[in-house]
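Student: Take a look at the following structure, please.
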Amino acid sequence: MKVEQISIFIENKSGRLAEITRILGEAGINIRALSLADTSDFGILRLIVNDVEKANAVLKEKGFTVSKTEVVAVEVPDQPGGLSTILQALDRDRINVEYMYAFVERCGGNAVIIFRFDETDKAITALSANSFNMLSGERLYSM
Amino acid sequence: MANYFNEEFETLPRAALEALQLKRLQAVVARVYAQVPFYRQSFDAAGIGPEDVKSLADLQRLPFTTKQDMRDSYPYGLFAAPLEEIVRIHASSGTTGKPTVVGYTQQDISTWTELMARSFVAAGAHKGDIIHNAYGYGLFTGGLGAHYGAERLGASVIPISGGNTKRQIMIMQDFGSTVLTCTPSYSLYLAEEAAAEGVDIRSSKLRVGIFGAEPWSEAMRGEIEANLGLDAIDIYGLSEIMGPGVAIECIEAKQGLHIWEDHFIPEIIDPATGQPVAAGEKGELVITTITKQGIPLIRYRTRDITSIDRTPCVCGRTHGRIARLSGRSDDMLIIRGVNVFPSQIESILVRVEGVEPHYLLIVDRKDNLDTLEVQVEVNEEMFSDEIKVLQSLARTIEKEIKDMLGVTSTVKLVEPKTIQRSEGKAQRVRDNRKL
């Protein structure tokens, strides 16, 4: 139930995001979800795309530093308290969230939370035990 | 009327000075040939022996000694005196991890002390002065070298060392310091900090500043003299040769630095060919120490670019004057008085990251203090998609640089291929300081 995400190192200067999205667009790659973490000097752009291998290849070819990371996508009802129930379950098992970001499904009323854990397998076990619905990579990429 | 610390030797007529140089040169060459295997081998390889040095011109037939030679014989290989005769050991940064080590016998300390006392007098200091010595004390020769000279002069020395600028300003005022010794950039920083504290340093008792250990310019002299209200004097030295006090400007002329030729023989060579340049031309300064016992150096390549002027000086000293240093024949940077080679930073980066990184050193001067920014291209091996991991990597590199080199830096992570390559080779240094 792991999902592949690609992360790209970018300097904090104008035009870098535009450059990356242009490269992906020209390669026919669709971005499903994204998050940008930044500091005053640099940022890390994290993307869920419909074709991980191709995105990875075209960005590397253009000289970007790219890595693939395993994340977990969890479905939650798009309603108050939805996220809280997941986080409480994780907290009971002392599982750390390195970072997370969310988007809302286009059809169906659910939200999808992308999690990066320090212990991914343990997190998956805990989420399964609590009957949370995790999305497979195939499902997410083609959403 | 000029003042001297040792009038006889400082004003020795050239003929007598050169006769003394030859006598001392012959003695030191015989000594290192007998005592130091490195010199025996290098002289033998060059087909020259101590008995072949019959005139000062014969010096040019002897092989050079380089910083690399000092590193190869780390730590004591070039010492010409047994360790039990060595009373002091100093060190300066080497081109990679290991420092360059120098040892002083009691007589070496005594010589250094006298030359530093001579330098103080040449700069216009005298007995009764209160000397505020803000050079760093420690392995670096600046602090202790100036300290001993000041005591020998009979002045009162305040061993304040570097740092803690607010306290320096208070002590300078309260103790009535009349002479300041530090790096030129630190003097400007002091003046600025004093102004911020509401203190006008120009109305202090400071009369003379003796500045060295980093490159500066005539423009900077003007700025220092205006901002601090003192005579700013340039001093030159390097630990391999002795430390501060190898050469100094006289306050009468402020026109070139008298190099104490009864203890050192300076030559100016073309760094590319090793051949002497025409009289008065610029080139690399090569120094032979002719009285040192602990670690005499024959034809040491200082890598400093200057020229020598042997025309008579208004102060009456007969020792030649080297021009204000105008650069280096290698890639050494001097950052806040600390010698830094790009290769040192590179070896730290390789150690921290385990891969050869592309990097660029950007040196600048902000608010009169040198700054060092180290740009490092982020490659896949070091990349993490977690901000804290990358930030911690940058902090680790900064800490290593501080620990190893004693220089504060800012590490900036940049995208691959953003550091310019020239002719396939990365440009390692951009020095934006306008001196």
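The values are calculated or read from the model by the stated rules, or taken from the named source; none is laboratory data. What you see is a predicted model; the values in this text were computed from it and never measured. All Cβ positions, glycine included, derive from the backbone under ideal geometry; neighbour counts span all protein chains shown.
Student: Take the range B:188-231 and flag every residue that is under 17 Å from the mean Cα position of the chain (by Cα) and either over 18 Å from B:Lys254 (Cα atoms) or modelled with pLDDT under 95 (or both).
Tutor: Of everything in the range B:188-231, those that are under 17 Å from the mean Cα position of the chain (by Cα) and either over 18 Å from B:Lys254 (Cα atoms) or modelled with pLDDT under 95 (or both) turn out to be B:Gly212, B:Ala213, B:Glu214, B:Pro215, B:Trp216, B:Ser217.
Student: Something else: Within the range B:331-340, identify whether any single residue is touching a helix residue (DSSP H, G or I) at 6+ places or on another chain (Cβ under 6 Å) and more than 27 Å from B:Gly237 (Cα to Cα), and answer yes or no.
Tutor: Looking for residues that are touching a helix residue (DSSP H, G or I) at 6+ places or on another chain (Cβ under 6 Å) and more than 27 Å from B:Gly237 (Cα to Cα), one finds none in the range B:331-340, hence no.
Student: Go through the range A:118-134 residue by residue and tally those that are out of contact with any Leu (no Cβ under 8 Å at 6 or more places or on another chain) and within 26 Å of B:Ile387 (Cα to Cα).
Tutor: Going through the range A:118-134 one residue at a time, the tally reaches 6.
Student: Let me ask you something else. Looking at A:Leu24, is it modelled with pLDDT of 95 or more and over 22 Å from B:Lys388 (Cβ atoms)?
Tutor: Considered against the rule, which asks whether it is modelled with pLDDT of 95 or more and over 22 Å from B:Lys388 (Cβ atoms), A:Leu24 comes out as yes.
Residue-by-condition table, conditions (1) at pLDDT below 90; (2) within 14 Å of chain A (Cβ to nearest Cβ); (3) within 30 Å of B:Gly256 (Cβ to Cβ):
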position	(1), (2), (3)
B:Leu325	yes, no, yes
B:Phe341	yes, no, yes
B:Gly354	yes, no, no
B:Glu373	no, yes, no
B:Asp403	yes, no, no
B:Val414	no, yes, no
B:Gly424	yes, no, no
B:Leu435	yes, no, yes
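Student: Sort out which residues of the range A:1-22 are assigned to a loop (DSSP other than H, G, I, E, B), within 11 Å of chain B (Cβ to nearest Cβ) and in contact with a Gly (Cβ under 8 Å, 6 or more places away or on another chain), and write them in order of number.
Tutor: The answer is A:Asn12, and nothing else.
Student: Mind listing whichever residues of the range B:187-237 are part of a loop (DSSP other than H, G, I, E, B) and closer than 20 Å to B:Ile248 by Cβ?
Tutor: Within the range B:187-237, B:Leu206, B:Arg207, B:Gly212, B:Ala213, B:Glu214, B:Pro215, B:Trp216, B:Ser217, B:Leu230 meet the criteria.
Student: Kindly indicate whether A:Gln79 is farther than 30 Å from B:Lys412 by Cβ, polar (S, T, N, Q) and part of a loop (DSSP other than H, G, I, E, B).
Tutor: Answer is yes for this residue.
Student: Determine whether the range B:361-383 contains at least one residue that is touching an Asp or Glu at 6+ places or on another chain (Cβ under 8 Å) and of a type in the set (Phe, Trp, Tyr).
Tutor: no
Student: If I ask for residues that are of a type in the set (Ser, Thr, Tyr) and either farther than 18 Å from A:Glu4 by Cα or away from every other protein chain (no Cβ under 14 Å) (or both), which ones from the range A:46-96 would you list?
Tutor: Passing the criteria: A:Ser84, A:Thr85.
Student: Can you find, within the range B:375-396, the residue that is farthest from the other protein chains (Cβ to nearest Cβ) among those that are hydrophobic (A, V, I, L, M, F, W, C) and more than 25 Å from B:Arg433 (Cα to Cα)?
Tutor: Within the range B:375-396, the match that is farthest from the other protein chains (Cβ to nearest Cβ) is B:Leu393.
Student: Determine whether the range B:377-390 contains at least one residue that is surrounded by 15 or more Cβ atoms within 10 Å (Cβ to Cβ), touching a residue at least 40 places away in the same chain (Cβ under 8 Å), part of a strand (DSSP E or B) and out of contact with any Gly (no Cβ under 9 Å at 6 or more places or on another chain).
Tutor: Yes - at least one qualifying residue is present in the range B:377-390.
Student: Among residues belonging to the range B:79-89 that are in contact with a strand residue (DSSP E or B) (Cβ under 8 Å, 6 or more places away or on another chain) and of a type in the set (A, V, I, L, M, F, W, C), point out the one that is surrounded by the most Cβ atoms within 10 Å (Cβ to Cβ).
Tutor: Among those residues, the one meeting the criterion is B:Phe79.
Student: Would the range A:85-102 turn up any residue that is closer than 23 Å to A:Asn50 by Cα and not aliphatic (A, V, I, L, M)?
Tutor: Yes, some residue in the range A:85-102 is closer than 23 Å to A:Asn50 by Cα and not aliphatic (A, V, I, L, M).
Student: Determine whether the range B:393-404 contains at least one residue that is in a loop (DSSP other than H, G, I, E, B) and crowded, with 18+ Cβ neighbours inside 10 Å.
Tutor: no
Student: Please determine, by comparing only the residues of the range B:356-371 that are of a type in the set (A, V, I, L, M, F, W, C) and more than 14 Å from chain A (Cβ to nearest Cβ), which one is nearest to A:Asp41 (Cα to Cα).
Tutor: Ranking the candidates gives B:Leu361 first.
Student: How many of the residues making up the range A:23-38 are charged (D, E, K, R) and either away from chain B (no Cβ under 14 Å) or touching a Pro at 6+ places or on another chain (Cβ under 7 Å) (or both)?
Tutor: 2
Student: Further question: Buried (at least 16 other Cβ atoms within 10 Å of the Cβ), aliphatic (A, V, I, L, M) and within 24 Å of the chain's Cα centre (by Cα), is that true of B:Val338?
Tutor: The answer is yes for B:Val338.
Student: In addition: Consider the range A:44-55. How many of its residues are in contact with a Lys or Arg (Cβ under 9 Å, 6 or more places away or on another chain) and either in the same structural domain as A:Ser136 (by TED's automatic domain parsing) or crowded, with 20+ Cβ neighbours inside 10 Å (or both)?
Tutor: Going through the range A:44-55 one residue at a time, the tally reaches 5.
Student: Which numbered condition in (1) in a strand (DSSP E or B); (2) more than 18 Å from the chain's Cα centre (by Cα); (3) not aliphatic (A, V, I, L, M) is the only one that A:Phe103 fails?
Tutor: A:Phe103 satisfies all of (1) in a strand (DSSP E or B); (2) more than 18 Å from the chain's Cα centre (by Cα); (3) not aliphatic (A, V, I, L, M) except (2).
Student: Can I ask one more? So which strands (runs of 3 or more DSSP E) stay within the range B:255-359 end to end and still have 2 or more residues that are within 26 Å of B:Gly406 (Cβ to Cβ)?
Tutor: In the range B:255-359, B:283-289, B:300-306, B:333-335, B:338-340 are the strands (runs of 3 or more DSSP E) which contain 2 or more residues that are within 26 Å of B:Gly406 (Cβ to Cβ).
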